[in-house]
Amino acid sequence: MAGDLTQSARRTPLVMRCGAFGDMVLLTVLLAQLRERFGTPVDVIASGPWCEPLLSGHPAVGRLLLVHSRRTPYWLSRDQQALVSALRTRGAGPTWFCDRGEGRALLARAGIPDGFVCDSTHYPFLAGENFADRYLRLGALTPAAFAGLLPAARPGAARAAQLVVAPGARHELGAWLDGRAIAAPWVVFHPGSRHVARRRLRARSGAAKYWPEERWAQVVQAVRAHWPQHAIVFSGTRAESSLNEDIMRRAAVANLHNAAGDLPIPRLLALLERAASLIAVDTGPAHAAAALGCPTVALFGHIDPWLYRPGGATTPAVTVTGTLGGEPSILGIEPRQVIEAWLDLTHGKRGFC
């Protein structure tokens, strides 16, 4: 039995997190911690079309195992069955579960004992802890079955997410920029979110994370006034294109480019890596930009801005919050707050007039 346990302890660590774009950016804090601890890239179970282009090639990521839906009944889900088969072939080893209940059932079906799993749901957040520090705490834990068998976590791990941009993506970005007549330097705005995109025929104003077009336009005008030579690129999904167009029309300044729907993740990462700044709502691209070292201003509504600080605890990011009717609300944020936060971050001064 002891020999079998020792063999299991030597297997590549496994992490399960089926999260949104920003969730997976933040997960890289844990992946980097485990890679440093075990000296090997970590296998990752994830879901969503963003995971492969976001994480492929990351030095902390080994094998990427994708599952499309965890809520479909197991007997109807071929991808769940394929995942369980792959995990059984792989063999059980140290596992970090950073998801919700449905995923634990898949790990159990794959023959991974409870004692092999560090389950994040068993470790509540500590007071004042954000996601980066929580992941570092989880990465230093040892599943019960492997007590005394695993290397200890090394001190000094980065409290920030880490992303990599493939050389091919940088080259492809250059051709894309030439085709759109966009020249460096540039600032990126990301005013939309999946909440806005899902509104369809309903008013945008009812969406979470919606900030009015006229306020965005004032911020665009301020950026143009301070950086007259910078291109301003609007990112987003195709469904967010009309929001971008409305903001651009209200701003009525030169050298604006609506790239919504034309930024697959490798191109987006390459664009953010070279951007002079990003101004966005709290969304995945804000996490990605901060993780890539891009000075980031993020607008937060009801979500705790420290808990979900873009990219972790130590990235070049500032958050802006507001209240409405005594409650946290993105609609309580005034343009001046965003402009001053951006000036502090990029110019080291305040007081836009």
Practice item. Give the residue, chosen from 162, 221, that is polar (S, T, N, Q) and in a loop (DSSP other than H, G, I, E, B). Key: 162
Exercise for review: For segment 306-332, enumerate the residues that are assigned to a strand (DSSP E or B) and polar (S, T, N, Q).
Suggested key: 319, 323
Review point. Filtering segment 174-192 down to residues that are farther than 16 Å from residue 273 by Cα and in contact with a helix residue (DSSP H, G or I) (Cβ under 8 Å, 6 or more places away or on another chain), which residue is modelled with the lowest pLDDT?
Key: 192
Revision key, fill the gap. For segment 304-335, the count of residues that are over 15 Å from the mean Cα position of the chain (by Cα) and more than 22 Å from residue 348 (Cβ to Cβ) equals 12
Review point. Across segment 325-340, what is the total count of residues that are touching a residue at least 60 places away in the same chain (Cβ under 8 Å) and touching a Gly at 6+ places or on another chain (Cβ under 9 Å)?
Key: 4
Practice item. Only residues in segment 159-170 that are within 14 Å of residue 139 (Cβ to Cβ) count as the first member; pair them with residues that are acidic (Asp, Glu) and outside any strand (DSSP E or B), Cβ under 8 angstrom, at least 6 apart or cross-chain, and list the lot. Key: 159/133
Exercise for review: Check whether at least one residue in segment 236-246 is assigned by TED's automatic domain parsing to the domain that holds residue 338, more than 20 Å from residue 334 (Cβ to Cβ), buried (at least 18 other Cβ atoms within 10 Å of the Cβ) and small (Gly, Ala, Ser), and report yes or no.
Suggested key: yes
Check your understanding: Only one of 293, 284, 322 is closer than 27 Å to residue 126 by Cβ, without any contact (Cβ under 8 Å) to a residue 24 or more places away in the chain and out of contact with any strand residue (DSSP E or B) (no Cβ under 7 Å at 6 or more places or on another chain); which?
Key -> 322
Exercise for review: Within segment 1-17, work out how many residues are surrounded by fewer than 22 Cβ atoms within 10 Å (Cβ to Cβ) and in contact (Cβ under 8 Å) with a residue 12 or more places away in the chain.
Suggested key: 7
Check your understanding: When both residues are 6+ apart or on different chains and their Cβ atoms are under 7 Å apart, which pairs have a first residue that lies in segment 180-192 and is in the same structural domain as residue 232 (by TED's automatic domain parsing), and a second that is of a type in the set (S, T, N, Q) and in a helix (DSSP H, G or I)?
Key -> 191/244
**Study point:** Flag if residue 41 is surrounded by fewer than 16 Cβ atoms within 10 Å (Cβ to Cβ) and not assigned by TED's automatic domain parsing to the domain that holds residue 311
**Key:** no
Review point. If you scan segment 103-139, which residues turn out to be of a type in the set (Gly, Ala, Ser), buried (at least 16 other Cβ atoms within 10 Å of the Cβ) and within 23 Å of the chain's Cα centre (by Cα)?
Key: 103, 120, 132, 139
Study note, to complete from the structure: So, first residue among the β-branched types (Val, Ile, Thr) in segment 60-81, second residue assigned to a loop (DSSP other than H, G, I, E, B), Cβ within less than 9 Å, six or more apart or across chains; the pairs are 61/41; 67/18; 67/47; 67/77
**Study point:** Contacts under 9 angstrom Cβ, first residue in segment 263-276 being at pLDDT 95 or above, partner surrounded by fewer than 20 Cβ atoms within 10 Å (Cβ to Cβ) and of a type in the set (D, E, K, R), 6 or more apart
**Key:** 265/52; 266/172; 267/172; 270/170; 270/172; 273/170; 274/170
Exercise for review: Could you tell me whether any residue of segment 263-286 is among the hydrophobic types (A, V, I, L, M, F, W, C), within 20 Å of the chain's Cα centre (by Cα), part of a helix (DSSP H, G or I) and under 28 Å from residue 323 (Cα atoms)?
Suggested key: yes
Review point. Are any residues in segment 116-158 within 20 Å of residue 60 (Cα to Cα), part of a helix (DSSP H, G or I) and out of contact with any helix residue (DSSP H, G or I) (no Cβ under 9 Å at 6 or more places or on another chain), and if so, which ones?
Key: 137
Point to revise | Residues satisfying the stated conditions in segment 147-162, i.e. among the aliphatic types (A, V, I, L, M), surrounded by fewer than 19 Cβ atoms within 10 Å (Cβ to Cβ) and over 21 Å from residue 12 (Cα atoms) | key: 158
Review point. What number goes with the only condition from (1) surrounded by fewer than 19 Cβ atoms within 10 Å (Cβ to Cβ); (2) out of contact with any Gly (no Cβ under 9 Å at 6 or more places or on another chain); (3) assigned to a helix (DSSP H, G or I) that residue 302 does not pass?
Key: (3)
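The values are calculated or read from the model by the stated rules, or taken from the named source; none is laboratory data. This one's a predicted model, so the numbers in the text were calculated from it and none came from an experiment. Here the Cβ is made from the backbone with ideal geometry for all residues, glycine too, and neighbour counts use every protein chain on show.
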